[in-house]
Each structure stands twice: as structure tokens, then as C-alpha cells.
Amino acid sequence: MKIALAFSGGLDTSVMVKWLQEHYDAEVVTVTGDLGQQKELIGVEEKAKTLGVVSAHILDLRDEFVHGYILPALKAGALYEGSYPMATALGRPLLAKALVDVARQTGCDAVAHGCTGKGNDQVRFEASVAALAPELKVLAPVRNWEFRSREEEIAYCQTHGIPVAATTANPYSIDENIWGTSIECGVLEDPMAEPPEDAYQRTVSPMNAPDEPCYVTIEFAAGIPVALNGVAMEAPELIASLNTIAGANGVGRIDLVENRLVGIKSREIYEAPAALVLYKAHLELERLTLDRETFHYKAKMANDYADLVYNGLWHSPLRSAMDAFIDRTQSVVNGLVKLKLYKGNIEVSGRTSPNSLYDTGLATYTEEDAFDHKASEGFIAIYALPLKTYHRVNNEAPNEVAK
Ligand code: ARG
């Protein structure tokens, strides 16, 4: 048997290489994706080789992640439960795709991942593999292997010649990529406990942020950010640079009690400085450029889109159909948004667009007013006609409070 393993180089997936070799008498191929995490991937390949893998693949997935996953979610305005920009949830289907690609290139019979049995990530991996490569078997050793603790895994390392990095155990479980950092476990498991400063990885505390506001401008073309502070940039570079600027102003922290697909409520904190700024800016430009009906309809879809991504159905016909709808709405989402970042807050300070539907003549209260006030009379007579009819017939007191 030959197995492709999604390999991070951490304790679980290192133990897993040996465990798969031992339990399935398998050849193991490792696959590690670069999604723009700050943590260096240097050493991962050597580590895999020490573990006796037949090949170790380190793949630069940053451009594909940004263009194929992050930007569609941004255009959709998708935030899970109204809050979480889904850095982890968007990364999994891409890692699964890379895993499947390598598995096929190297003639594997199965793929394996290191997700636990109580999270969303196992669902995202396995639903993605089911969609992309129905012929491949999926192994999730953490769901059924014998280890009950980190200590037991370390003991296994010692008896199996697996080098263990002498790092002091981090109290948090951290997943990180260019779109954000997800942090859980340790003291965060108490929803009443305020996250300690050491839990945050890439933002300064708003209390220590500069006393002067920081203005940024973001320019969009067809719903995609194309320039930051007047400098044209490719999206990956723009996101990386905005992460630094916004994070330095205490922007990007999210503390969320969320509903996992597997039925558990969990508390996680997130840091997504660029994501939060870009979501706010993009929505602002849509306020200016989309017609009312499209704007309202799209807001409903944003919620469904977020549920679908969070719940592991990225590689689904519904997601691609939603993308077609969303892309159709974005041709007018061009222009510039100016935002003020100040001690953890993001405020829109201005917006402008060649496709702006804001008509000063219609909006103004000055003598430049071009709106036909008299037309409102007939409009309201017909608009309120159903209400008038109902109340003439039923003679109820309006707004009656039930006793
Ligand atoms: N709750 C988030 C999600 O399901 C993140 C999960 C991974 N978090 C972590 N700290 N490893 O998308």
C-alpha cells in the first residue's frame, strides 16, 4: 500500500508517518502546502526524509490560495456566523486538492490526514477527497490510534527513532496562513476567560497600538483589491502588506463562540487583519455600486456561501454556481475606499467609484434637489393600499401587545 499524507512537520503527523508505515506496511509520501504561513517550512522536507518517506513534496500554493479560494470568498462577503473570515476553512479544500494531485502522480491507494475526530477539518478534508478523487481511500489515524496524550506520542517517538523538537509545548492549537490565524485550546476553552496577550500571534493589543490613526486606501477592480495606498499590487502581496499595517494597529482580532458542523459549540480566537479590512472595504464599495435588489439578495447568499465553505463543501456544484452569480455582480465593483485604522477599529472614511449609483441631485436637501417630491404621493397611496384595506376590514388596533 502507498499512502499520501498531509504533513505539517508537527508531532502528530511525524508520529503518523511511522505509524502508517508500521500498521499498513505502507510506503508513505508526504505533502506539505505553503499557504503563506509565517512559520517557516524550512526543515520540513528534511524531517520527512529522516522518517523514511519515499518522497516529500513541499508545494507553494500561495497564489492558488489567494486567487482561487480567498478572493471568491471575499467577493461573496462570506463570514461564518457573521464573524469568521474562514482562513482555516478555505485552506483545507486546497490542501486536500494538492494531496489528491500528489497521490495520483505517485500512484497512491490512499490519502491520510492528521485531523481529530471532533473538528470541522476532518469533514473538509474527506468531503474534498470524496469530490475530487472518489477512488481514493481516506485514513484518519488520529480518530483510532492508541495514543491518548502528547506524552504517549513522545514515548512512541523515542522508541521509534523519531526526532522530537525540544520546544516547550505551546498551550494553544494554532493554524495559520496568509488569510488569518486560528487559535484554540488552553485557557481559551473557558468562554468567560479573556484571551491572554500571549495567545495572539500577529496583532498588537489595541491598547499598545499607535495613538495616531492610520489611513489606508484600497482600490478594487471587478471586486478584487488591486492597489494599496495608491500602489498597484498583486493580491497576495497586497494581503501580506495589509496584514502588517492593520495588525500593527490592533486590527483583526475576533473572539468567537461558534457552532461546529459536528454539533459542538467551541470558543476560538482569530486574527485576520487584512481580511477584516478588505471585507469592510469591499462591502462598502458594493453599497455604492450595486443596485438595491442585488445588494440585498447578495447579502443572503453571503450567509449560505459561508455555511457551505465552513461545512466542507467547497468542491461542490453549488459553490461553483454561486461563484458564477457573484462574479456576474462584480463587474461594477470598481473604485476606492479610504479607511481609518485606529486601536483595533476599522472605520470607513470615504468611498468613490466610476460606477457609483450615488446621485447627489437625488440625495441633496439643497436647492440643487432634482427628486420629484410630488411623485411620492401616488407611490405611497399604492404602496400602503394593502395595509389600508386590511385595517379597514379588520378594525384591529395596530401594534397590539399580546397579553
Ligand atoms: N474553528 C475553525 C474552523 O473550523 C478553526 C479550526 C482549526 N483551529 C486550530 N486552532 N487549529 O475553521
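Every number in this text was worked out from the coordinates using simple rules, so none of it is lab data. Since this is a predicted model, take the numbers as computed values, not measurements. For neighbour counting, all protein chains shown are included, and Cβ atoms are generated from backbone atoms with ideal geometry for every residue, glycine included.
Things worth noting here:
- C-alpha long axis of helix 317-329 to longest principal axis of the chain, angle in °: 40
- With Cα atoms, 0 to 90° folded angle of helix 273-289 axis to the chain main axis: 30
- For region 16-160, alpha-carbon Rg and Dmax in angstrom: 16.2, 50
- For Tyr80, the residues whose amide H sits under 5 Å from its own are Met86, ignoring neighbours fewer than 5 places away on the same chain, with H placed 1.01 Å from N.
- Here the simple spin-label model places points 7 Å from the Cα toward Cβ, and for Glu46 and Ala363 these points are separated by 5.9 nm.
- Sorting the Cα pairs of region 251-403 by distance into bins of 10 Å, from 0 upward, gives 8, 21, 26, 22, 19, 3 percent per bin.
- Solvent-free Debye scattering, log10 I(q)/I(0), computed from the Cα coordinates of the chain at q = 0.08, 0.12, 0.13, 0.14 Å⁻¹: -0.53, -1.01, -1.14, -1.27
- Full extension of the chain between Cys157 and Tyr215 yields a length gain of 15.8 nm, computed as 0.36 nm times the residue separation minus the alpha carbon distance.
- Gaussian network model of the chain, Cα within-10 Å springs - most flexible of Lys39, Lys75, Lys300: Lys39
- For Glu268, Glu367, Glu377, Glu347, the sequence from fewest to most other C-beta atoms within 10 Å is Glu367, Glu377, Glu347, Glu268.
- Beta bridges from DSSP with both residues in the chain: antiparallel share about 70 percent, rounded to the nearest 5.
- Virtual spin-label span in nm between Arg150 and Asn170, 7 Å along Cα→Cβ: 1.1
- By the beta-carbon count within 10 Å of each Cβ, the least crowded to most crowded order of Cys115, Cys214, fewest first, is Cys214, Cys115.
- Max mean-square fluctuation residue, GNM over the chain, Cα-Cα springs under 10 Å, options Glu40, Glu81, Glu258: Glu40
- Straight-line cross-link reach from Lys97 at under 18 Å between alpha-carbon atoms covers these lysines, not counting any fewer than eight positions away in the same chain: Lys2, Lys137.
- Spatially, region 60-89 and region 248-305 are offset by 10 Å when compared through their Cα centroids.
- Normalised contact order of region 136-195, rounded percent, pairs of Cα under 8 Å and 6 or more residues apart: 15
- Karplus 3J(HN,Hα) series, Hz, for region 360-371 with 6.51 cos²θ - 1.76 cosθ + 1.60 (x for Gly, Pro): 4, x, 7, 8, 5, 9, 8, 6, 6, 3, 10, 6
- Radius 15 Å from Cβ of Ala26, net charge of other residues (Lys, Arg +1; Asp, Glu -1): -1
- Axis angle, to the nearest 10 degrees, between helix 235-248 and the longest C-alpha principal axis of the chain: 80 degrees.
- Gap separating the Cα centres of region 326-366 and region 135-177, nearest whole Å: 48
- Taking the number of Cβ atoms within 10 Å of each Cβ as an exposure proxy, the fewest-first ranking of Leu90, Leu41, Leu290, Leu5 is Leu41, Leu290, Leu90, Leu5.
- Pairs over the 30 Å Cα-Cα cut-off, from the set Lys118/Lys343; Lys18/Lys39; Lys300/Lys340; Lys338/Lys374; Lys265/Lys340; Lys118/Lys280: Lys118/Lys343; Lys338/Lys374; Lys265/Lys340; Lys118/Lys280.
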